[in-house]
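Asker: This structure is in C-alpha cells; I'll ask about it shortly.
The values are calculated or read from the model by the stated rules, or taken from the named source; none is laboratory data. Everything quoted here is computed from the prediction, not taken from an experiment. All Cβ positions, even for glycine, are placed from backbone atoms using ideal geometry, and neighbour counts span all protein chains on display.
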C-alpha cells in the first residue's frame, strides 16, 4: 500500500512491457494519456492542508476506496490550538472515525497539523489492511512534496484561502488532477490564472462548493414550468462571520512563533510580516491578505445553486455597503478606516444582463446578521423569516429556500398547496468528491470544474473588491477592468513575496 503500492505499479507495467504480457497490460500513457487513471487503479493523492476543515474532509476522503492518500502536508507539525465549531466537535469526530475514545482527550482545542493528518491516514489504512503498517509521508512544504512524490496522480487542497491558487497552479503545471476547497484563490487575477492553467493542462478539477444539491435541478424545473414567472431578483443571507472581522489595523505585538510551525511556509505568497496567531488557523478568514470574508466562506455554497439555476455569467456591476467603526479619541469621535480586514457586516448587490429569454436579474447578498425585509407572503402565514436563506423573486411569485437552496417552497403556503410540481427531467448530481473521482478516471467532468465554475468564483471576488470601494463598480469581464474605477484595479491582484511569483 502507499509508497510500496506505487512502486509495484511501475514495476508491474515495466515488467509487462518487457515480455509477452505487454499485449494485455497497457501503460496508462498509451491507454489514455499521461493524466489518465484507469478505472481499475486507485488514485494516488497528496492531501495539502491539515487544519480543522482539512481533517474533516480528510476523513471523508479516506472512506473512498478509489483514493489512496500517499502524502499529507502542512506547515504546522502538530498543535491543539485550533478553534472548533463547538467544544470537542472536531476531536470528537476524529475519535469516532478512529474508534478511539482516548484520542486527544486532553487537547485544549482542535488537534491538527501534518502529523495528525499522517496518523489518521496510517491508522485508517492499517485497519482496512488488517493491521498492515501505513506509509503515508508527511511534508511541511508542498513544493517539496510535489518534487519528491513521483507517482502522484492528484492533489487535494485544504489550505487557508491565500494558498489555494498557489498550490493548485503548481500542481496543475505538473499535470496533476486537483480538487480545491472554495475559493479558487483569494484574488481575481489569481483565480483566472487557475482557470486558464486548468484549461491548458486538461486535468480533472473541482472546486468544493456544494455542487451536489438535489434541490438545484428541482428549482430549475419549477422555474422552467413557470412557477413564479421570470426571476428578477435573488436574495441570499448568512449569519456569518463567526470569526473576527472589522479589524482596522494589524496586530502590533510580536509573540514567538510556536515550535513546529513554519511561519514562512504558512505565509506563502502574501506580503511579509511577523508571525501572529490573529492570522492563523480559522482566524485567517477575516483578513484581506489571507481570507475571503463571510462572502467568500459561504457565498460559494449558495451562489453555485443560483448560477446553475439562472445560467448566470459575469455581472455588469457590483456595489457594496459595509459596517463602520468609530472610536473616541480625546474628546471627539474618529472614523476608523479599515484597509486590512473584511467588515463585520455587509450588503452587496450585483447586476446581471439578460440571458436568452431570461430577463436581467439582481443578486443581493447580506451577512453579519443583516437580511432582507420579511416578505408579505410570510406575514400572511404568520411565519418566521429564517436567520439564513435564499429567496427567488419572480414576476408571479416567490420561492423561499434554505441558505443553499435546500427545501424550496412557494410562499405563501396556499401557493405551495395548490402547486403541482413538474416531472423530474434534469439529472440529479452525485456527491462532489465522486464527481471529481469520475473525472480523474476519464469520465464526465465535475460540475464545479475550474473552467465552468469560474464566473461564479469571479463574481464573489468582485463583491469583495466592492467592499473596499465607495463606488458602484462597472465591470468589463473581457478586459478584466472596472470601467469607472481604475483605482479599484489594485485589489484584483496581490503583490507576491520574492520567490512565490506565479
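Asker: Report whether or not residue 146 is in contact (Cβ under 8 Å) with a residue 60 or more places away in the chain, crowded, with 17+ Cβ neighbours inside 10 Å and not assigned by TED's automatic domain parsing to the domain that holds residue 269.
Answerer: The answer is yes for residue 146.
Asker: Another one. Does residue 402 satisfy being out of contact with any helix residue (DSSP H, G or I) (no Cβ under 7 Å at 6 or more places or on another chain) and at pLDDT 95 or above?
Answerer: Yes; evaluated as a whole, the condition is true for this residue.
Asker: Condition (residue is surrounded by 17 or more Cβ atoms within 10 Å (Cβ to Cβ) and touching a helix residue (DSSP H, G or I) at 6+ places or on another chain (Cβ under 6 Å)) applied to segment 375-385: is it met by at least one residue?
Answerer: Scanning segment 375-385 turns up no residue that is surrounded by 17 or more Cβ atoms within 10 Å (Cβ to Cβ) and touching a helix residue (DSSP H, G or I) at 6+ places or on another chain (Cβ under 6 Å).
Asker: Mind checking which strands (runs of 3 or more DSSP E) fall wholly inside segment 109-207 and carry at least 1 residues that are over 28 Å from residue 92 (Cβ atoms)?
Answerer: Those strands (runs of 3 or more DSSP E) span 154-157, 177-181.
Asker: Additional query: Is it the case that segment 319-328 has a residue that's crowded, with 19+ Cβ neighbours inside 10 Å, at pLDDT 95 or above, within 19 Å of the chain's Cα centre (by Cα) and closer than 30 Å to residue 213 by Cα?
Answerer: No, segment 319-328 contains no residue that is crowded, with 19+ Cβ neighbours inside 10 Å, at pLDDT 95 or above, within 19 Å of the chain's Cα centre (by Cα) and closer than 30 Å to residue 213 by Cα.
Asker: Looking at (1) outside the structural domain of residue 348 (by TED's automatic domain parsing); (2) touching a residue at least 60 places away in the same chain (Cβ under 8 Å), which is the only condition residue 444 fails?
Answerer: Only one criterion in (1) outside the structural domain of residue 348 (by TED's automatic domain parsing); (2) touching a residue at least 60 places away in the same chain (Cβ under 8 Å) is unmet by residue 444, namely (2).
Yes/no matrix, rows are residues, columns are (1) assigned to a loop (DSSP other than H, G, I, E, B); (2) at pLDDT 95 or above; (3) in contact with a strand residue (DSSP E or B) (Cβ under 7 Å, 6 or more places away or on another chain); (4) crowded, with 19+ Cβ neighbours inside 10 Å:
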residue: 239; (1), (2), (3), (4): yes, yes, no, no
residue: 242; (1), (2), (3), (4): yes, no, no, no
residue: 250; (1), (2), (3), (4): yes, yes, no, no
residue: 257; (1), (2), (3), (4): yes, yes, no, no
residue: 266; (1), (2), (3), (4): no, yes, no, yes
residue: 270; (1), (2), (3), (4): yes, yes, no, yes
residue: 273; (1), (2), (3), (4): yes, yes, no, no
residue: 278; (1), (2), (3), (4): yes, yes, no, no
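Asker: Can residue 95 be described as outside any loop (DSSP other than H, G, I, E, B), assigned by TED's automatic domain parsing to the domain that holds residue 152, surrounded by fewer than 19 Cβ atoms within 10 Å (Cβ to Cβ) and modelled with pLDDT of 95 or more?
Answerer: yes
Asker: Still on this structure, please answer the following. Take residue 294 and tell me if it is modelled with pLDDT of 95 or more and either within 26 Å of residue 75 (Cα to Cα) or in a loop (DSSP other than H, G, I, E, B) (or both).
Answerer: yes
Asker: Could you figure out which of (1) in contact with a helix residue (DSSP H, G or I) (Cβ under 8 Å, 6 or more places away or on another chain); (2) surrounded by fewer than 17 Cβ atoms within 10 Å (Cβ to Cβ); (3) part of a loop (DSSP other than H, G, I, E, B); (4) modelled with pLDDT of 95 or more isn't true of residue 34?
Answerer: Only one criterion is unmet by residue 34, namely (4).
Asker: Sort out which residues of segment 353-369 are in contact with a helix residue (DSSP H, G or I) (Cβ under 8 Å, 6 or more places away or on another chain) and surrounded by 21 or more Cβ atoms within 10 Å (Cβ to Cβ), and write them in order of number.
Answerer: Passing the criteria: 361, 363, 365, 367, 368.
Asker: Checking the condition assigned by TED's automatic domain parsing to the domain that holds residue 475, crowded, with 16+ Cβ neighbours inside 10 Å and touching a helix residue (DSSP H, G or I) at 6+ places or on another chain (Cβ under 9 Å), which residue from 408, 372 passes?
Answerer: When all the criteria are applied, what remains is 408.
Asker: Of all residues in segment 210-237, how many are under 12 Å from residue 426 (Cβ atoms) and in contact with a strand residue (DSSP E or B) (Cβ under 9 Å, 6 or more places away or on another chain)?
Answerer: 4
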